[in-house]
């Protein structure tokens with residue numbers, strides 16, 4: 001039931017969008033069955049992060065190379081699975097020395113650990129169009145359970161998008177350099193878009 | 001005696017002199033090690049932060065040292081110094097005092113102008129604000145160069161100063177070194 005109301009909400013949101021864009025009104029309205037399936041996370045996604053620093057401000061950046069899938073279960077969103085991998089080598093902060101430091105053994109150690117991987121283990125609905133994603137995050141050779149909050153931002157027959165946020169304690173992954181000047185918490189703020197497979 | 005006498009140094013001068021001397025020696029060694037290109041990046045980050053905290057400590061003590069120097073009487077030179085030697089020692093002392101202020105200020109300026117924008121978190125206790133200077137690679141490079149040149153210049157002068165003190169003590173057998181080691185009633 002809950003999964004259906006989520007999809008209905010999404011469908012209504014999409015329809016509202018179509019009404020607002022007459023040029024697209026010829027498109028066929030999505031049906032409930034269309035939502036289920038596998039989506040490949042595409043390059044339009046934004047994987048942003050921020051680490052706060054003492055006195056305000058902090059380091060903001062993004063990762064530009066990543067991949068993953070959403071597998072949305074037909075009947076029950078809580079049975080869906082999210083898989084995600086990113087390549088920390090592609091970190092961008094606007095300051096090359098910071099990027100090189102993040103790639104070094106002090107932080108990601110990209111030479112030894114080129115990939116950071118997340119795989120959901122439990123998805124819990126928290127509202128009309130929100131869910132909490134619990135899963136295993138593996139970085140720098142360590143796997144821990146992490147939680148992210150997801151909000152459905154767009155959905156049509158071909159594309160699904162979520163705004164995903166969550167904080168990760170970097171001490172858990174042997175990346176504790178710079179504490180307490182820089183916060184232990186890495187705040188992720190991601191727009192993750194999937195293309196129907 | 002806390003204050004300087006007519007031909008003796010007081011304990012305040014002596015304590016400041018040796019505390020600052022130890023800080024300068026440590027900061028020079030730290031500054032050299034932390035800028036080696038092949039250093040472990042995590043160790044390098046931590047050493048930079050220690051360097052900044054001890055550097056600000058040195059700056060604070062050097063400001064006190066200069067104010068104390070300005071407000072104190074200056075013990076007369078030991079007997080047997082030529083006029084040229086007196087001028088040379090005066091010039092070296094003035095230069096060292098100026099550099100003990102200039103070196104930490106250039107360090108503060110380079111931390112302030114750096115595009116890395118790393119806060120100066122004094123011994124992880126209190127944030128020391130950046131100087132109001134624009135951040136740019138050009139400014140950072142300039143202040144870094146100034147900091148290094150002045151710091152190694154200070155190191156050279158300190159070596160000269162120490163060599164002169166040892167010369168006075170071991171060759172000339174006068175009180176130049178001893179009177180900076182302990183205060184005596186005059």
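The numbers here are math on the coordinates, done by the rules we state, and not lab data. Treat the numbers as computed from the prediction; the structure is a model and nothing was measured. FYI the Cβ positions are ideal-geometry reconstructions off the backbone, even for glycines, and counts take in every protein chain you see.
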- prompt: Rounded, prolate or oblate: which fits chain B when a ≥ b ≥ c are the square roots of the eigenvalues of the alpha-carbon gyration tensor, with rounded for a/c under 1.5 and prolate only if a/b beats b/c?
  reply: prolate
task: Would you mind giving the mean number of other chain beta-carbons within 10 Å of the Cβ of each residue in B:113-123, as a whole number?
output: 4
- line: A student asked for the Cα radius of gyration and Dmax of the protein assembly as shown in angstrom ought to give 31.5, 105
- prompt: Which order do B:100, B:35 fall in if you start with the one that has the fewest other Cβ atoms within 10 Å?
  reply: B:35, B:100
query: When the label point is put 7 Å from the Cα of residue A:134 along its Cα-to-beta-carbon vector, which residues of segment A:86-124 have a backbone N closer than 14 Å?
result: A:120-124
query: Applying 1/(1 + (r/R0)^6) with R0 = 22 Å to the Cβ-Cβ distance of residue B:30 and residue B:1, what FRET efficiency is obtained, to the nearest 0.05?
result: 0.05
task: For chain B, set up a Gaussian network in which alpha carbons nearer than 10 Å are linked by springs, and say which option among B:43, B:95, B:28 fluctuates the most.
output: B:43
query: Hey, what did chain B get for relative contact order, percent, Cα under 8 Å, at least 6 apart?
result: 29
message: Quick check: pseudo-label points 7 Å beyond the Cα along Cα→Cβ at residue A:144 and residue A:158, how many nm apart are they?
response: 4.0
query: In a GNM of chain B with a 10 Å cut-off on Cα contacts, which of B:112, B:89, B:120 has the highest mean-square fluctuation?
result: B:89
task: Decide, for segment A:43-175, between rounded, prolate and oblate: order the square roots of the alpha carbon gyration tensor eigenvalues as a ≥ b ≥ c, take rounded if a/c falls under 1.5, and otherwise choose prolate if a/b is larger than b/c, else oblate.
output: prolate
query: Can you give the helix-only mean residue ellipticity at 222 nm for the protein assembly as shown, where every DSSP H stretch with n ≥ 4 adds -39500 (n - 2.57) and the sum goes over all residues, rounded to the nearest 500 deg cm²/dmol?
result: -13500 deg cm²/dmol
query: Taking Cα centroids, how far is segment B:167-186 from segment B:39-110 in Å?
result: 21
Virtual spin-label span in nm between residue A:185 and residue B:79, 7 Å along Cα→Cβ: 7.3
query: Picking from B:65, B:36, B:73, which is most flexible by a Gaussian network model of chain B using Cα springs under 10 Å?
result: B:36
- prompt: When N is the residue count of segment A:100-147, what does its C-alpha Rg come to as a fraction of 2.2 N^0.38 Å?
  reply: 1.49
message: Can you tell me how segment B:36-91 classifies by the Cα gyration tensor, rounded, prolate or oblate, using a/c under 1.5 as the rounded cut?
response: oblate
- request: Using a Förster distance of 51 angstrom, determine the FRET efficiency expected from the C-beta separation of residue B:126 and residue A:40, and round it to 0.05.
  value: 0.55
